[in-house]
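See below for the structure under consideration.
The values are calculated or read from the model by the stated rules, or taken from the named source; none is laboratory data. What you see is a predicted model; the values in this text were computed from it and never measured. Backbone-built Cβ (ideal geometry, glycine too); neighbour counts: all protein chains shown. Only protein heavy atoms, including side chains, enter the accessible area calculation; ligands, DNA and RNA are left aside. Shrake-Rupley method; radii C 1.70, N 1.55, O 1.52, S 1.80 Å.
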Amino acid sequence: MTEQAFRFGRAGHLVGIAGLPSAASAQTGIIMLNAGLVHRIGPFRLHVAIARRLNACGYPTLRFDLSTLGDSAASDESLPRAQQVRADVAEAMDLLGKQAGCTRFVLIGLCSGAENAHLVACSDPRVAGAIFLDGFAYRTPGFLLRHYLPKLANPVRIWRFVHRRLRPSGRIAAPDFGVVVPPLAQVRAELADMLQRGLKLCFVYSGGTSEYFNHRRQFRECYGAVASHPGTTLEYFKAADHTYILEGDRRQLVDTIERWLLLNLPQVTAGGGACPTISTTHLT
């Protein structure tokens with residue numbers, strides 16, 4: 001594998017780094033989406049670590065910036081954000097298809113990246129799988145019991161809670177940035193449709209989601225039959241931070257992604273043979 005920088009897109013406005021095979025073309029390509037406002041390297045270079053590990057397994061990768069994020073400019077089109085994201089990811093697929101012969105793709109996204117991966121996976125037939133890192137989850141009765149019962153059992157915590165509620169606060173409420181989480185019924189139906197179409201889905205939650213996800217059991221509480229579908233995989237790293245700040249947590253996540261891909265979407269190359277080695281030039 002070699003890494004190469006590209007400027008691409010209908011307006012030449014998108015910027016990304018692709019890990020490309022040196023010889024034979026590969027069927028499955030990996031596309032990594034921005035996590036919030038962090039540019040394409042990901043938090044603590046997480047996307048770089050994922051890309052290079054998967055490159056070593058023979059998967060072409062592309063870590064790129066969506067329109068107006070990182071080094072990517074605006075497309076000069078007046079499009080709703082959802083439509084813009086779909087168009088950007090479609091052009092990222094086109095690039096890997098042209099450069100590496102990929103015909104199917106796996107999307108990887110953390111937080112807002114998971115939301116965007118979900119958005120694209122709903123409609124683009126070239127998506128064969130998705131890895132949602134701290135994606136959609138919903139507070140259930142089980143979540144509330146696990147969240148509040150330990151606090152109710154501690155009188156000191158009860159006193160602190162009441163004291164905070166009664167004390168005037170000088171804090172200014174934080175803006176919500178216009179983020180709208182879809183209704184649970186809608187997301188459940190969309191996930192069921194993805195699985196029916198044959199997609200493989202991997203859901204990974206970290207301990208950084210404790211305000212809305214706090215146990216593996218909660219996934220089934222949210223999604224019912226989706227949780228037991230053979231195309232669904234769930235991982236819960238309770239000790240990990242939302243951005244995988246610790247190197248050991250990042251390594252555990254990368255190991256998990258590698259194993260999941262090799263099991264569910266093994267790479268198929270035109271030439272076969274051993275996995276290629278990687279040549280890099282300190283690209284980000």
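Things to note:
- Remark: accessible surface ordering of Cys122, Cys102 (largest first) is Cys122, Cys102, probe radius 1.4 Å.
- Label separation (Gln4 vs Ser78): 3.8 nm, computed from points 7 Å beyond Cα along the C-beta direction.
- Rounded to the nearest 20 debye, dipole of the range 9-147 from Cβ charges on Lys, Arg, Asp, Glu: 460 debye
- Ligands, DNA and RNA excluded, the heavy atoms of Phe237 present near 20 Å² of accessible surface to a 1.4 Å solvent probe.
- Solvent-accessible surface ranking, highest first, for Leu262, Leu107 at 1.4 angstrom: Leu262, Leu107
- Using the 1.4 Å probe convention, the accessible area of the range 32-110 works out to 35 Å² per residue with neighbouring protein chains retained.
- Given a 1.4 Å probe and the protein chains as shown, Arg251 ends up with an accessible area of around 120 Å².
- Where Glu3, Glu115 fall by accessible area, highest first, once all protein chains stay in place (1.4 Å): Glu115, Glu3
- For Asp241, distant residues with modelled amide H under 5 Å away: Leu246
- Solvent-accessible area of Ser112 with every protein chain in place, 1.4 Å probe, in Å² to the nearest 10: 40 Å²
- Computed over the range 63-108, Kirkwood Rh from alpha-carbon pairs, angstrom: 11.5 Å
- Our coupling estimate for the range 117-126, obtained by passing each phi through the Karplus curve with A = 6.51, B = -1.76, C = 1.60 and θ = phi - 60°, is 4, 4, 4, 6, 5, 5, 10, 8, x, 7 Hz, Gly and Pro reported as x.
- Three-way shape call for the range 2-264 based on the alpha-carbon gyration tensor, with the a/c threshold at 1.5: prolate
- Sites Arg197 and Ala24 - FRET efficiency at Förster radius 30 Å, r taken between beta-carbons, to 0.05: 0.60
- Ordering of 57-66, 223-232 by burial proxy (mean other Cβ atoms within 10 Å per residue, highest first): 57-66, 223-232
- Between Leu144 and Thr68, the FRET efficiency estimated from the beta carbon spacing at R0 = 45 angstrom works out to 0.75.
- Contour minus Cα-Cα distance for Arg220 and Ala11 (0.36 nm per residue): 71.0 nm
- Prolate/oblate/rounded call for the range 210-255, Cα gyration tensor, a/c under 1.5 rounded: oblate
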